[in-house]
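Remarks on the structure that follows.
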Amino acid sequence: RQQTHLLSFVHFILLLIIMPPQQHILLTRARALSLYRQLLRAAQKMPTPNRQNFVVRKTRSEFRANRNLTDLVDIDFRLRLADTNLDTVLVQAEHLTKIHHDERYNSIE
C-alpha cells in the first residue's frame, strides 16, 4: 500500500504539471470526495456504534475544517493524511472486530 501511495502521489504531481488550473480543482475535488466516502464506509466496519459515530464525526469535522483551503500543496498534504487515516480506520476496524467477537474479551468483567 505504501508503494501505491507513492505512485499515486507522483501521478498526482505529474497531472498537476500538465493540466490547466481548472482541471487541478476538479481532480482534487474528485479525490477528496472519494476519500470522504471511503472514510464514511470504513466507519461502518467498526464493531460498535460509538466507534462508528466517532469516525463519522471526525471525518465530517476534518473535511469541513479544510473545505476552504486553496493551496494545492496543502490540500494534497491533507488528502494524503486522510488516506493514511483511512488505512488506520480499516486496520483498527479489523482488529477491534476480532477482539469484540473474542469470547475471552467478552467474558472479562
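The values are calculated or read from the model by the stated rules, or taken from the named source; none is laboratory data. On a predicted model such as this, the values are computed, not experimentally measured, just so you know. Cβ coordinates were reconstructed from backbone atoms using ideal geometry, including for glycine residues, and neighbour counts include every protein chain displayed. Note: accessible area is taken over every heavy atom of the protein model, side chains too, but ligands, DNA and RNA are not part of it. Shrake-Rupley method; radii C 1.70, N 1.55, O 1.52, S 1.80 Å.
Structural remarks
- In a DSSP loop and with at most 11 other Cβ atoms within 10 Å, the trypsin sites (Lys or Arg not before Pro) in segment 51-109 are 67.
- Shape call, segment 34-109: gyration tensor on alpha carbons, a/c limit 1.5: prolate
- Net charge, residue 60 excluded, C-beta distance under 13 Å - Lys, Arg +1, Asp, Glu -1: +4
- Mean accessible surface per residue for segment 61-100, computed with a 1.4 Å probe while every protein chain stays in place, in Å²: 68
- Solvent-accessible surface of protein heavy atoms, probed at 1.4 angstrom with all chains present, puts 103, 62, 94 in the order 103, 94, 62, largest first.
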